[in-house]
Amino acid sequence: MIVLVPVYWHYYGPTTSCISATSRLFLTLIGLWLDSALLISMCAVGILAPQALWVADFCLNIFGVSLIGMTDYMFKHENSLFLRGLSLFHGGCRFLLAYLVWQLGYDRRARRPGPR
């Protein structure tokens, strides 16, 4: 996060921290720090499916097939290799979250839409 946020801020502007994946990274970091099953579960519920789609699109893009175009930017040579490498957190994040949910347990409040 110490490297990712300033580099993304520089290349993509301050609005990138509002993007779902980046905000989920912050919540995951806080959840790790606090050992919070609720925060980790919330991140898992919100990001596992889109991240799986990102990984599928990336893997197919390696072979020249763009599934939905979500990872086309990873194969543009005008973007630095370092910048593209930072985006690989999308692939590892889902495995980290699945592991953390397995370790900390799933908090059922993560899917609740609001107070009842």
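The values are calculated or read from the model by the stated rules, or taken from the named source; none is laboratory data. Keep in mind that what you see is a predicted model, and the values were worked out from it rather than measured. Glycine also receives a Cβ, built like all others from the backbone with ideal geometry; neighbour counts cover every protein chain displayed. Note: accessible area is taken over every heavy atom of the protein model, side chains too, but ligands, DNA and RNA are not part of it. Shrake-Rupley method; radii C 1.70, N 1.55, O 1.52, S 1.80 Å.
Placing R0 at 41 angstrom, the Cβ-Cβ distance between SER80 and ARG108 gives a FRET efficiency of 0.45 after rounding to 0.05.
Rolling a 1.4 angstrom probe over the chain with all protein chains present gives an accessible area of which 67% lies on carbon and sulfur atoms.
Residues in segment 78-93 carry Karplus couplings, in order, of 6, 7, 5, 4, 4, 5, 5, x, 4, 6, 5, 4, 4, x, x, 4 Hz; the curve used is 6.51 cos²θ - 1.76 cosθ + 1.60 with θ = phi - 60°, and Gly or Pro positions show x. The label-point distance for PHE26 and TYR11, in a model that sets each label 7 Å from Cα toward Cβ, rounds to 2.0 nm.
For the chain, the alpha carbon convex hull comes to 118 Å³ per residue, rounded to a whole number. Put simply, the C-alpha atoms of segment 46-114 give a gyration tensor, and the ellipsoid matching it has half-axes of 29, 13, 10 Å, longest first. Electrostatic bookkeeping for TYR8 treats Lys and Arg as +1 and Asp and Glu as -1; over the other residues with beta carbon under 15 Å from its beta carbon, the sum is +2. If Lys and Arg each add +1 and Asp and Glu each add -1, what is the summed charge of the other residues whose beta carbon sits under 15 Å from the beta carbon of ASN61? After counting each charged neighbour, the total is 0.
Take 53-61, 36-44, 1-9 and order them by the average number of nearby Cβ atoms within 10 Å per residue, most first; the result is 36-44, 53-61, 1-9. Taking the Cα centre of the chain as origin and assigning +1 to Lys and Arg Cβ atoms and -1 to Asp and Glu Cβ atoms, the resulting dipole is close to 460 debye. Hey, if you put +1 on the Cβ of every Lys and Arg and -1 on every Asp and Glu Cβ in segment 1-112, which of SER66, TYR106, ILE47 ends up farthest toward the positive end of that dipole? Projecting each Cα onto the dipole axis, the largest value belongs to TYR106.
For segment 39-47, the Karplus equation 6.51 cos²θ - 1.76 cosθ + 1.60, evaluated at θ = phi - 60°, returns couplings of 5, 5, 5, 4, 5, 5, 4, x, 10 Hz by residue, with Gly and Pro reported as x.
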